[in-house]
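What follows is one structure encoded as structure tokens, with my remarks underneath.
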Amino acid sequence: MQMDDKKHIASRARTSGVPIMDAEAIWRALRRIAHEIIEQNADLKSVVLAGIPLRGVEVAHRLAEFIRDVAKIDIETGTIDVAMHRDDVGTRAELPMVHASKLPLPLEHRTVIIVDDVLFTGRTVRAAMDAISSFGRPARIQLAALVDRGHRELPIRADYVGKNLPTATREQIQVRLQNVDQEPDAVWLFKE
Amino acid sequence: MRSGCLKNEMNWNRKDLLGLRELSADEINFILETADAFKQVGTREIKKVPALRGKTLVNFFVEPSTRTRTSFELAAFRLSADVINISATTSSLTKGETLKDTARNLEALHADILVLRHSSAGAAQFLAQRLKSSVINAGDGAHEHPTQGLLDMYTIREKRGRIDNLHVVIVGDILFSRVARSNIFGLTKLGARVTLVGPSTLVPREFEKLGVTVSNQIDKVLPDADVVNLLRIQHERQRKEYFPGISEYTTLFGLTKERAKLLKPNCLVMHPGPINRGVEIDSEVADGLQSVILDQVTNGLAVRMAVLYLCGGIAA
């Protein structure tokens, strides 16, 4: 019942949303990030693209495809669960769903690039770094996001950004990706 | 497609886990999927996550149990919760305090999660209705032992890839077994075919009302089994009029080396432990290739982490 309600509200809201990026813009932004990753990482074989569920995992796979096309290297991807590492245990009203993390091990001497769809407060990224460190000690951790909407609450910044999007805190950003949402690729902005 | 394996549908809205009888198949599956995520934590260099940091769990065991208590304890540690253990001998129950008073005292200490093992059926439900804390039933009399049922199902699903349409044979003292009851409720909901085997005094025909088959001829049932779950013969609970005697039991119902030859090669052999070697199962079988008894122990930890997280993860 609850899920149906949520879907209903989401589809109603969709009509009042403003499209910020379409499939073409997302494709170009991710291709550019892939080029930047290649440029910034001389040892591409040591790179792991670790996506945050759900959409970060899909973005990581797409980046890996672009990198494979351009650099002819099969870059490794993984999944990093942040739900178990969140810092709002005492206050949360809704329980976040947990997913199994999957990372190629060992992480020593590797570069882990955390990949998410939207970068906002930075708390998810902090949780992701915490999760990664429970697997080992990578040589470095970088951060890639399709959209950076600002309003950081922690000293975190992205190394690779698809689009910088100044927003008000009350506004909402929604990323839709075909493989995850069964909807055309798009980034939407909702007022209120 | 490639992201299709990741789901984001929360199928849980309970503060307590009292039994599997009242859960839906969706809820059971959701616990098992959540346990997958927590099982992975056990393979990390640092086997601990802050998911329940600052929460207090009380292991309140009015009946002795080392295995279940330590499994809950380790599960809580891995979720960063603080743990207090209270056993029957150390509690004031021996001084005449009622269960409710003891529990209210525990709540006054701001315990968030109460894991209860009790000799009376319904004890967990009694407390769940009266306390704000989450109550997890770790075995109440002959009623239910839901986390054991869940870890058995998790192990079957892990080893065989599914539960639906598998034939699960449960052997032993069904009448007094909460493990059997939780397994029966859970397995039938997930579509397994269940056969109960044992002396007719301990496996009454009445159980057929639960949608299972009852048999007292183990040699006829074993060749068709996908899973054999052997229950421990609980010497401490047996009354003479029900029980044929140990050596007679082994002859009639024990999974001996010879009898194990009747099993299909991919049939799983399970046991909730502790094992009575040479009674319900021969050593060669318990330690054999078909045995998943130690996997059950490992999986118990993951399942209990999932249950503690789902029931106790929300701010009260």
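The values are calculated or read from the model by the stated rules, or taken from the named source; none is laboratory data. All figures in this text were calculated on a predicted structure; none of them were measured in a lab. A quick note on method: Cβ atoms are made from the backbone with ideal geometry, for glycine too, and the neighbour counts reach across all protein chains shown. Remember, those area values only see protein heavy atoms, side chains included, never the ligands or the DNA or RNA. Shrake-Rupley method; radii C 1.70, N 1.55, O 1.52, S 1.80 Å.
Just a yes or no: is a residue in the stretch B:258-265 outside any helix (DSSP H, G or I) and in contact with a Cys (Cβ under 8 Å, 6 or more places away or on another chain)? Show your work before the answer.
Start the filter on the stretch B:258-265 by keeping residues that are outside any helix (DSSP H, G or I), which leaves B:261-265.
Narrowing the set further to residues that are in contact with a Cys (Cβ under 8 Å, 6 or more places away or on another chain) leaves none.
No, because not a single residue in the stretch B:258-265 is outside any helix (DSSP H, G or I) and in contact with a Cys (Cβ under 8 Å, 6 or more places away or on another chain).
For the stretch B:180-194, does any single residue satisfy the condition of being part of a helix (DSSP H, G or I), within 22 Å of B:Y309 (Cα to Cα) and open to solvent by 10 Å² or more (accessible area, probe 1.4 Å)?
no
Go through (1) touching a Lys or Arg at 6+ places or on another chain (Cβ under 8 Å); (2) open to solvent by less than 20 Å² (accessible area, probe 1.4 Å) one by one and return the number of the condition B:F176 breaks.
Against the list (1) touching a Lys or Arg at 6+ places or on another chain (Cβ under 8 Å); (2) open to solvent by less than 20 Å² (accessible area, probe 1.4 Å), B:F176 comes up short only on (2).
If you go through the stretch B:297-308 one residue at a time, do you hit one that is open to solvent by less than 20 Å² (accessible area, probe 1.4 Å), of a type in the set (D, E, K, R), in contact with a helix residue (DSSP H, G or I) (Cβ under 7 Å, 6 or more places away or on another chain) and within 30 Å of B:L23 (Cα to Cα)?
yes
Would you confirm, using the coordinates I've provided, whether B:K15 is of a type in the set (K, R), in a helix (DSSP H, G or I) and either more than 13 Å from chain A (Cβ to nearest Cβ) or within 22 Å of the chain's Cα centre (by Cα) (or both)? Outline the logic, then answer.
Working: of a type in the set (K, R): yes; in a helix (DSSP H, G or I): no; either more than 13 Å from chain A (Cβ to nearest Cβ) or within 22 Å of the chain's Cα centre (by Cα) (or both): yes.
Spelling it out, it is not the case that B:K15 is of a type in the set (K, R), in a helix (DSSP H, G or I) and either more than 13 Å from chain A (Cβ to nearest Cβ) or within 22 Å of the chain's Cα centre (by Cα) (or both).
Per-residue answers, yes or no, for (1) open to solvent by less than 30 Å² (accessible area, probe 1.4 Å); (2) under 22 Å from B:S120 (Cβ atoms); (3) assigned to a strand (DSSP E or B):
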{"residue": "B:D152", "(1), (2), (3)": "yes, no, no"}
{"residue": "B:I156", "(1), (2), (3)": "yes, no, no"}
{"residue": "B:V214", "(1), (2), (3)": "yes, no, yes"}
{"residue": "B:R232", "(1), (2), (3)": "no, yes, no"}
{"residue": "B:P244", "(1), (2), (3)": "no, no, no"}
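In the stretch A:35-54, how many residues are surrounded by fewer than 24 Cβ atoms within 10 Å (Cβ to Cβ), touching a residue at least 24 places away in the same chain (Cβ under 8 Å) and either among the polar types (S, T, N, Q) or assigned to a helix (DSSP H, G or I) (or both)?
Residues that pass the stated criteria total 8.
Please tell me if A:A25 is in a helix (DSSP H, G or I) and either at the interface with chain B (Cβ under 10 Å from one of its Cβ atoms) or not hydroxyl-bearing (S, T, Y) (or both).
Details: in a helix (DSSP H, G or I): yes; either at the interface with chain B (Cβ under 10 Å from one of its Cβ atoms) or not hydroxyl-bearing (S, T, Y) (or both): yes.
When the stated conditions are applied, A:A25 passes them.
Restricting to the stretch A:96-141, and then to whatever is surrounded by 19 or more Cβ atoms within 10 Å (Cβ to Cβ) and in contact with a Phe, Trp or Tyr (Cβ under 8 Å, 6 or more places away or on another chain), can you tell me which residue is nearest to the other protein chains (Cβ to nearest Cβ)?
The extreme case among them is A:V98.
Checking A:Y160 against (1) crowded, with 17+ Cβ neighbours inside 10 Å; (2) farther than 24 Å from A:A42 by Cα: exactly one of these is not met. Which one?
The single condition A:Y160 does not satisfy is (2).
Which of the residues spanning the stretch A:180-192 are within 14 Å of chain B (Cβ to nearest Cβ) and of a type outside the set (D, E, K, R)?
Just the residues of the stretch A:180-192 that are within 14 Å of chain B (Cβ to nearest Cβ), to begin with: A:180-183, A:185.
Hits for the stretch A:180-192 are A:V180, A:Q182.
Criterion first (within 15 Å of the chain's Cα centre (by Cα) and assigned to a loop (DSSP other than H, G, I, E, B)) does B:I174 satisfy it?
yes
Quick one: how many residues across the stretch A:54-79 are modelled with pLDDT of 95 or more and within 11 Å of chain B (Cβ to nearest Cβ)?
Matching residues across the stretch A:54-79 total 12.
Select from the stretch A:1-34 the residues that are at pLDDT 90 or above, among the β-branched types (V, I, T) and either open to solvent by 100 Å² or more (accessible area, probe 1.4 Å) or more than 16 Å from the chain's Cα centre (by Cα) (or both) and list them in ascending order.
A:V18, A:I20
Within the stretch A:142-179, how many residues are within 14 Å of chain B (Cβ to nearest Cβ), in contact with a Lys or Arg (Cβ under 7 Å, 6 or more places away or on another chain) and modelled with pLDDT of 95 or more? So that I can check it myself, show each step before the final result.
Step one: filter the stretch A:142-179 for residues within 14 Å of chain B (Cβ to nearest Cβ), giving A:174-179.
Add one more test, that the residue is in contact with a Lys or Arg (Cβ under 7 Å, 6 or more places away or on another chain), and what stays is A:175, A:177, A:179.
Those left that are additionally modelled with pLDDT of 95 or more: A:175, A:177.
The number of residues fulfilling the criteria is 2.
Give the number of residues within the stretch A:79-95 that are over 20 Å from A:V175 (Cα atoms), buried (at least 19 other Cβ atoms within 10 Å of the Cβ) and small (G, A, S).
0
Please go through the stretch A:134-162 and give me each residue that is within 28 Å of A:R28 (Cα to Cα), touching a strand residue (DSSP E or B) at 6+ places or on another chain (Cβ under 9 Å) and either assigned to a loop (DSSP other than H, G, I, E, B) or among the β-branched types (V, I, T) (or both), ordered by number.
Within the stretch A:134-162, A:I141, A:V147, A:R149, A:G150, A:R152, A:I156, A:R157, A:A158, A:D159, A:V161 qualify.
Please work out if B:V169 is over 15 Å from the mean Cα position of the chain (by Cα), open to solvent by less than 10 Å² (accessible area, probe 1.4 Å), among the hydrophobic types (A, V, I, L, M, F, W, C) and within 21 Å of B:L210 (Cβ to Cβ).
On the way: over 15 Å from the mean Cα position of the chain (by Cα): yes; open to solvent by less than 10 Å² (accessible area, probe 1.4 Å): yes; among the hydrophobic types (A, V, I, L, M, F, W, C): yes; within 21 Å of B:L210 (Cβ to Cβ): yes.
Yes, satisfied.
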